[in-house]
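**Q** Quick one: this structure, given as C-alpha cells, is what I'll be asking you about.
Every read-out reported here was derived from the displayed coordinates using simple, explicitly stated rules and does not represent laboratory data. Predicted model only: the values in this text are computed from it and were never measured. Quick reminder, even Gly has a Cβ in these numbers, built from the backbone with ideal geometry, and neighbours come from all protein chains shown.
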Amino acid sequence: MKKSVSYYVRVIQSVLLMTIVQAAVSQGILSNTGQSSQHVRMLSRNASTMIDAVYYNPAGLSDLANGWHFAVYDQAVFQASTINNSYPVLNDGEYKGTRISPLIPSAFGVYKAGNVVFSLGTGISAGDCTTTYERGLPSFEIPLSRMIPDLTALSKLRLTSMLYDLSGYAADIHFEERTLYPGIQAGITYKFNEVLSGFAGIRYTFGSGTYKGHVNDAQLIVDDDMVDAYDWLSETLLPDAIGARNLYNGAATSILQLITAGAGSFTITQVQTAGYISSAQRATFEGALYALGLSSAQVAALKLNQIYPIYSTEATNLNSVITATTSAIDAASFKEMNARQTGAGWTPILGMNLNVNEKINLGMKYEFMTRLVITNFTSADDFELYPDGDEVVIEIPAMLSLGIGYKPMDLLEAQLSFNLIFDKSVNWGLNTRDQILTGFHDIRERVVEKNTWELALGLQYSIRNDLALSAGVLTTRPGVDESYQCDFDYISPSVTVGAGIEWHITDLLTLDAGVMSTFYQDVNLTYFDVKLQEWNDKYPEIYSGNNYVSGEYTEKLSKRHLVVSAGITYSIIKTEK
C-alpha cells in the first residue's frame, strides 16, 4: 500500500532536524541552564560561590573551603502544550502534547587545595524529555483533512454511479521523540589574589535522539459507512473515475469529429441512419448520456453540438476527481518511522570572578558555540529518509553569563543574573511547517532577529542558622522572527517563578529543594491557503465563511512548564579557608 512518500519524508525530516536538541528548562532555543536545585528555587545563580558554581560561575569556586565537595540533584519536568488551529475542515483543531521526565540528574564534584580548584560536573546540556503527540499535529492532519473538500468534485458529477457522499475522515496519527544530550564538564579555577579568580574548562556533550511515529488507519465516511481510505480510494474510486473519464473523453473526441464533418445539428439516431456511426457506437453515446440521468426522450432530442459540451464537462470534472483521488491516496498511505541519532561535540568555557568585598561578588562565564555531529541509525524507514551513516550538524549557541551577588546582612542574600544567548549567529535552516505543507506559500528561512536574553532576580533569607527560604523570578526574551515559529518548534517570551528551601542538616550535609513554574506568552500565527478560496468559489453552498473567503486561518501555540527538584550537597573534608 505504499505510494509516494515525499510529503511524509518532509514531515519526519523536519521534526528530526528541528527537535533534536530541545531544552529541559526553556532558557534560550537550544540551551539548558537548569542544572541545580539551587537554581530551581532561586532562578539566579550566576554569582554563586557554592558548589553549583561548577556550572553557573566556575571561577567563584575559589571561595569554597579547602577539601572535597560533592552534590547530586534531580529534576522532574512536566510540560503541557496546546495548539489550537482554525483550519476549517479539520475534525478537531485542538492538539495536546506532553513532555514528562521524572529523572533529569546532575552532579558536581570539587577539590580545592589553596589557590587551585579542580571541578567536575555532569548534567543535561540539551534535550531532556519524551515528547508525545497522541494525535499528531496540525501539519500532520491538514493534508488528510483536505481529502474531503478536494473530492467534493464528486458533487459536480452527473454520473449517478459515482455520486458518493463523503462526509468525513479519521486516522491514527502519532509521534514521539526522546532526546537526551548529557554533558561532562571539567576545569581548573585559580585564585590570583583576594579579589580575582579565573577559570578555564571544557564540556563534552554527547547523547542520542530516538524517534517513533506512524500515520496509520486513514478512513473515510462514505455513504454513512466508515471505509479504509487507501483501499476505497485506490480500488473503488480511482478505477471508477479513470474508466468514466476515458469513456467521456473518447465519446467527446468522436462527437467532435462528427461535428467537424458537419453533423453538429444531427441527433445520434440521425448520424447512425446516415451511416456515420455503427450501432455499437450509438449504444456507447446513448449509454453515456443515460448514465448522467437523462431520459430516452431527452437523449433522442439532443443534437451533437449539444452533446459534446456535456461529455467534455463530465470528462473535466472526472479529471479533477482523479487528481484529488491520487493526492488523497498518498495522504492515506500507511507510514512508519523508527530511527535513532547519536552525536557529540565540545564546548570551551572561560570564567572570571571578582570578590569585591564581603558583601559584593561578581561572576562571569562565556561558553563557546558547540557543534554536534549527529549520525543516523534507522531500523525502520518507510519514509526513505535517514540511511545508516548519514550525518547532520546541530549547533548549540554560545552564551555569556553575568551575575552580581549582594549580601546586605548575614541573613539575606540577593543575586541578579543576566544571560545573553547568541542565537542570531546560528543557522536555523528552513521553517519546518513550510517544508511539510508545500504549496501553501514560499518556504522561509527560519530567522532569529535578536539574541535571546534573560534577566533573573533571586533572594534568600535565613530564618534560622540551619534553614533558609528562597524565591526568584526570571524573564526570558527570545528574538525569533515569525518565520521561525511553527507547531513543531516554537519559542516565546516567558516568566518563571521559583521558590524553595536550603536546609543544613549537619555542618557537612545540605538539602536543597525547590519548585518553579514557567508561564509562556502564547504564539499567534496567521496562515494562508489558496485552497480555501478555491473551495469557496467552486462550492459556496458547502464551504463558505470568513476563513474560506479570505483564505486565512490562525494557529495559537500555548504551553506551561513545571519543574520540581531536590539535591544533596556533602563535604567529605572541610577545613577553614
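**Q** May I ask you to evaluate 6.51 cos²θ - 1.76 cosθ + 1.60, the Karplus curve with θ = phi - 60°, for each residue of segment 298-311 and list the ³J(HN,Hα) values in order in whole Hz, giving x for glycine and proline?
**A** So the J values, rounded to whole Hz, are 5, 4, 5, 8, 6, 8, 4, 6, 8, 6, 4, x, 5, 4.
**Q** Next up: Just how many % of Cα pairs in segment 448-571 lie over 27 Å apart, if you round to the nearest whole percent?
**A** Percent of Cα pairs beyond 27 Å in segment 448-571: 49.
**Q** Separation of segment 527-577 and segment 157-229 by C-alpha centroid, Å?
**A** 14 Å
**Q** Then there is this: Apply the Debye scattering formula to segment 78-123, with a single equal point scatterer on each alpha-carbon and no solvent, then give log10 I(q)/I(0) at q = 0.15, 0.22, 0.23, 0.27 Å⁻¹.
**A** The calculated log intensity ratios at q = 0.15, 0.22, 0.23, 0.27 Å⁻¹ are -0.63, -0.83, -0.86, -0.96.
**Q** Using the Cα atoms of segment 136-292 to build a convex hull, what is its mean projected area in square nanometres? Write down the numbers at each step before the final one.
**A** Working: hull surface 75.6 nm².
Spelled out: convex hull of the Cα atoms, projected over all directions, averaged, 18.9 nm².
**Q** Over the chain, what is the relative contact order in percent, taking alpha-carbon pairs closer than 8 angstrom and at least six residues apart?
**A** Numbers: 1495 pairs, mean separation 114.6, N = 577.
Relative contact order of the chain: 20 percent.
**Q** Here's a follow-up. On the Cα set of segment 221-370, report Rg and Dmax in Å, please.
**A** Taking only Cα atoms of segment 221-370, I get Rg and Dmax of 34.5, 116 Å.
**Q** Considering amide H positions built from the backbone, and no H for Pro or chain starts, which residues 5 or more places from Met369, or on another chain, come under 5 Å of its amide H?
**A** Ala398
**Q** Could you tell me, in Å, what Rg and Dmax come out for the Cα atoms of the chain?
**A** Answer for the chain, Rg first and Dmax second: 33.1, 121 Å.
**Q** By how many degrees, between 0 and 90 and to the nearest 10, does the Cα long axis of helix 238-258 differ from the longest principal axis of the chain?
**A** 40 degrees
**Q** Measure out, as a whole number of angstrom, how far apart the alpha-carbon centroids of segment 430-498 and segment 38-93 sit.
**A** Cα centres, segment 430-498 to segment 38-93: 13 Å.
**Q** Suppose a student asked you for the relative contact order of segment 351-420, using Cα pairs under 8 Å spaced at least 6 residues apart; what percent would you report? All intermediate terms of the calculation are to be shown ahead of the outcome.
**A** Details: 125 pairs, mean separation 22.7, N = 70.
It comes to 32 percent, rounded to a whole number.
**Q** Next question. Between Ala297 and Ser265, how high is the FRET efficiency from 1/(1 + (r/R0)^6) when r is the Cβ-Cβ distance and R₀ = 25 Å? Nearest 0.05.
**A** On the way: r = 19 Å, r/R0 = 0.74.
So the FRET efficiency works out to roughly 0.85.
**Q** Name the shape class, rounded, prolate or oblate, that the alpha-carbon gyration tensor gives for segment 421-517, where a ≥ b ≥ c are the square roots of its eigenvalues, rounded holds for a/c under 1.5, and otherwise prolate holds if a/b is larger than b/c and oblate otherwise. Can you show the working numbers first?
**A** Numbers: a/c = 3.98, a/b = 3.39, b/c = 1.17.
Since a/c reaches 1.5 and a/b is larger than b/c, the shape of segment 421-517 is classed as prolate.
**Q** As a quick test, which of the pairs Lys96/Lys556; Lys191/Lys407; Lys96/Lys450; Lys212/Lys559; Lys96/Lys559; Lys191/Lys365 have an alpha carbon distance above 18 angstrom in this structure?
**A** As for pairs spanning more than 18 Å Cα to Cα, those are Lys191/Lys407; Lys96/Lys450; Lys212/Lys559.
**Q** Using θ = phi - 60° and the Karplus curve 6.51 cos²θ - 1.76 cosθ + 1.60, what whole-Hz ³J(HN,Hα) does each residue of segment 472-483 get, with Gly and Pro shown as x?
**A** 3J(HN,Hα) across segment 472-483, in whole Hz: x, 9, 9, 10, 10, 10, x, x, 6, 7, 4, 5.
**Q** Another question about this same structure. Can you pull the Kirkwood radius for segment 362-423, inverse mean 1/r over Cα pairs, to one decimal in Å? Can you show the working numbers first?
**A** Values: mean 1/r = 0.0645 Å⁻¹.
Evaluated over segment 362-423, this radius sits at 15.5 Å.
**Q** Over segment 102-195, what is the mean sequence separation of C-alpha contacts under 8 Å (at least six apart), divided by residue count, expressed as relative contact order in percent? Walk me through the intermediate numbers first.
**A** Values: 119 pairs, mean separation 41.5, N = 94.
Relative contact order, segment 102-195: 44 percent.
**Q** Right, next: State whether segment 423-471 is rounded, prolate or oblate according to the following rule on the C-alpha gyration tensor (a ≥ b ≥ c being the square roots of its eigenvalues): a/c under 1.5 gives rounded; otherwise a/b larger than b/c gives prolate, and the remaining case gives oblate. Walk me through the numbers before you get to the answer.
**A** Working: a/c = 6.33, a/b = 3.62, b/c = 1.75.
Verdict is prolate for segment 423-471.
**Q** List the extent of the Cα atoms of segment 155-210 along each of their three principal axes, largest first, rounded to whole Å.
**A** On the principal axes, segment 155-210 reaches 93, 22, 13 Å in Cα extent.
**Q** Right, something else. Rg and Dmax of segment 116-211, using alpha carbons, in Å: what are they?
**A** 28.5, 94
**Q** Next question, about the same structure. Quick check on segment 182-252: what does the Kirkwood estimate of hydrodynamic radius come out to from the alpha carbon pairs, in Å?
**A** Working: mean 1/r = 0.0519 Å⁻¹.
Taking every pair of different Cα atoms in segment 182-252, averaging 1/r and inverting gives 19.3 Å.
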